[in-house]
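The values are calculated or read from the model by the stated rules, or taken from the named source; none is laboratory data. Just so you know, these numbers come straight off a predicted model, no measurement behind them. Here the Cβ positions follow ideal geometry from the backbone for every residue, glycine too, while neighbour counts run over all protein chains shown.
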Amino acid sequence: MGDHRSTEILAAVHRGRGGSPVLEKLTLAAPGPEEVRVTVDACAICHSDLMFIDGGWAIDFPVVFGHEISGRVAEIGEAVTDLARGTTVVVSLIATCGQCHACQQGHDVACENPPASSSLTDANNRTVTKGLNTGGFAEQVVVHRSQVVAVPPEMPATSASLLGCGVLTGVGAARNTANIQPGETVAVVGCGGVGMGVIQGAQLAGASTIVAIDPQADKRSLALTMGATHTADPLNQDPAEAISQVTGGRLADHVLLATAAPAALNSALALLAPMGALTLVGMPADGVTLTIDPSALAGYNQRILGSKMGTARLNRDIPSLVADYFAGRLKLDQLVSSTYPLEDLEQALDEVRSGSALRTVIVFNQPEA
């Protein structure tokens, strides 16, 4: 189990909103009884990281961001009995106490008392926030046992890291939150990394028509390889008309909004059929609002659903996604658009800001060939 001493690690630290990351030596506290220390092999960049870095959401600086992690167990706490050193794992931000009402109901993403993991401090002994309770842009992390799921060692680290948040969120939004049924019509607005997960989740759920809506032609083309049956360019055609053309006049049973763009948010309900459900997957900046006509919503018997992390349960959903991946039903390798070493994190973040990337991944110990 190791000697439970603190560990010195190299990490990318953001010291203020909008600033650049700086590589620093930090002290990672030893894992507590219910915690696990993981050597990071890959950590994908999520738009949530940028929301915090660029000031869309509030957080206490200094911070180490990064929360889509794959790696190997380096040390376990005394109370952890089901993991061993060397086990390959995925780490997620979802931490559960296992005792509260939400946890007892299986609603892991709504845990009322999520355990916070051990501390991270800088050379001046100042506390450094672990972004989303993980801090993955670092050589190692210490997290609660509930945040860790074992995966097969033959799974590429870059692909496995996507299961920590982006793909878990997208597929889960379709299968868990929206509960898409076979034969239904689905519109997916926004075809970035999460949107591609939504599209694949809709296909896995048996949707008969999946319309991918995105202004970028390359993302629309890739969406067709991920399971979309049709695409629409919202800059040059009315998405509602595009949907009705392929359904014989009906709109979508499900609209899943996988972008944080306010314009997309306020036009999404216009794509929804009576009895349909709008599922909000992308999370806009603080203060963004949605205007609805409550009479129309009630009159059409429609629903608006929030989807945090795809309403996922890690021990259920990650093994299911791994099985889908190895069976060829879930594409992960194709979603990794580029890899960077930790020292090039700022360049990688800029690539994600540009909107051109699907999933940009920070890799340690060199990327796979």
Inset, instruction - Taking Gly206 as the residue in question, decide whether it is modelled with pLDDT of 95 or more, surrounded by fewer than 23 Cβ atoms within 10 Å (Cβ to Cβ) and assigned by TED's automatic domain parsing to the domain that holds Pro274. - result: yes
Inset, instruction - Determine if the stretch 29-36 includes at least one residue that is loosely packed, with under 15 Cβ neighbours inside 10 Å and under 24 Å from Cys97 (Cβ atoms). - result: yes
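Mind checking whether some residue in the stretch 166-184 is of a type outside the set (Lys, Arg), modelled with pLDDT under 95 and in contact with a helix residue (DSSP H, G or I) (Cβ under 7 Å, 6 or more places away or on another chain)? Break it down stepwise before answering.
Our first condition is that a residue be of a type outside the set (Lys, Arg); within the stretch 166-184, this holds for 166-174, 176-184.
Subset that is modelled with pLDDT under 95: 166.
Going one step further and asking which of them are in contact with a helix residue (DSSP H, G or I) (Cβ under 7 Å, 6 or more places away or on another chain), we end up with 166.
The answer is yes; a qualifying residue exists.
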Legend entry - the stretch 323-367, residues that are aromatic (Phe, Trp, Tyr) and outside any loop (DSSP other than H, G, I, E, B): Tyr325, Phe326, Tyr340
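Confirm whether Arg250 is of a type in the set (Lys, Arg) and either under 18 Å from Asn176 (Cα atoms) or touching a Phe, Trp or Tyr at 6+ places or on another chain (Cβ under 9 Å) (or both). Before the answer, list the steps.
Numbers: of a type in the set (Lys, Arg): yes; either under 18 Å from Asn176 (Cα atoms) or touching a Phe, Trp or Tyr at 6+ places or on another chain (Cβ under 9 Å) (or both): no.
No: the conditions fail for Arg250.
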Legend entry - the stretch 168-215: number of residues that are of a type in the set (Ser, Thr, Tyr) and part of a helix (DSSP H, G or I): 2
Inset, instruction - Can you work out which of the residues in the stretch 122-157 that are among the hydrophobic types (A, V, I, L, M, F, W, C) and in a helix (DSSP H, G or I) is surrounded by the fewest Cβ atoms within 10 Å (Cβ to Cβ)? - result: Leu132
Inset, instruction - Test Ile292 against the criterion of being aliphatic (A, V, I, L, M) and either crowded, with 16+ Cβ neighbours inside 10 Å or free of Cβ contacts under 8 Å to residues at least 12 places away in the same chain (or both), and give yes or no. - result: no
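Just checking, does the stretch 312-331 include any residue being among the hydrophobic types (A, V, I, L, M, F, W, C) and in contact with a strand residue (DSSP E or B) (Cβ under 6 Å, 6 or more places away or on another chain)? It would help to see each step written out before you state the result.
If we filter the stretch 312-331 for residues that are among the hydrophobic types (A, V, I, L, M, F, W, C), which is where we start, we get 312, 314, 318, 321-323, 326-327, 330.
Then keep just the ones that are in contact with a strand residue (DSSP E or B) (Cβ under 6 Å, 6 or more places away or on another chain); that gives 314, 318.
Yes, there is a match, as at least one residue in the stretch 312-331 is among the hydrophobic types (A, V, I, L, M, F, W, C) and in contact with a strand residue (DSSP E or B) (Cβ under 6 Å, 6 or more places away or on another chain).
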Inset, instruction - Determine which single condition Ser48 fails, assuming it passes every other condition in (1) touching a Ser or Thr at 6+ places or on another chain (Cβ under 7 Å); (2) not in a strand (DSSP E or B). - result: (1)
Inset, instruction - Consider only pairs whose beta carbons are under 7 Å apart and that are at least six residues apart or on different chains; among these, list those whose first residue lies in the stretch 144-159 and is within 9 Å of Glu35 (Cα to Cα) and not assigned by TED's automatic domain parsing to the domain that holds Met196 and whose second residue is crowded, with 23+ Cβ neighbours inside 10 Å and of a type in the set (D, E, K, R). - result: His144/Glu35; Arg145/Glu35
Legend entry - Residues of the stretch 325-338 that turn out to be surrounded by fewer than 20 Cβ atoms within 10 Å (Cβ to Cβ) and in contact with a helix residue (DSSP H, G or I) (Cβ under 6 Å, 6 or more places away or on another chain), as a count: 1
Legend entry - Residue among Asp286, Asp218, Asp253 that is acidic (Asp, Glu) and in a helix (DSSP H, G or I): Asp218
Inset, instruction - Taking only the stretch 253-272 into account, find how many residues are closer than 16 Å to Gly195 by Cα, in contact (Cβ under 8 Å) with a residue 40 or more places away in the chain and among the aliphatic types (A, V, I, L, M). - result: 8
Legend entry - Failed condition for Ile76, given (1) under 29 Å from Ser307 (Cβ atoms); (2) buried (at least 23 other Cβ atoms within 10 Å of the Cβ); (3) over 18 Å from the mean Cα position of the chain (by Cα): (1)
Legend entry - Enumeration of residues in the stretch 59-89 that are without any contact (Cβ under 8 Å) to a residue 60 or more places away in the chain and part of a strand (DSSP E or B): Arg72
Legend entry - Check on Glu8, outside any loop (DSSP other than H, G, I, E, B), in contact (Cβ under 8 Å) with a residue 60 or more places away in the chain and either of a type outside the set (Val, Ile, Thr) or in the same structural domain as Ser117 (by TED's automatic domain parsing) (or both): no
Inset, instruction - For residues that are within 20 Å of Leu265 (Cβ to Cβ) and aliphatic (A, V, I, L, M), scanning just the stretch 233-247, find the one that is surrounded by the most Cβ atoms within 10 Å (Cβ to Cβ). - result: Ile243
Legend entry - Filtered residues of the stretch 42-86 (kept if within 24 Å of Ser320 (Cα to Cα) and in contact with a Lys or Arg (Cβ under 7 Å, 6 or more places away or on another chain)): Ala44, Val73, Val80, Gly86
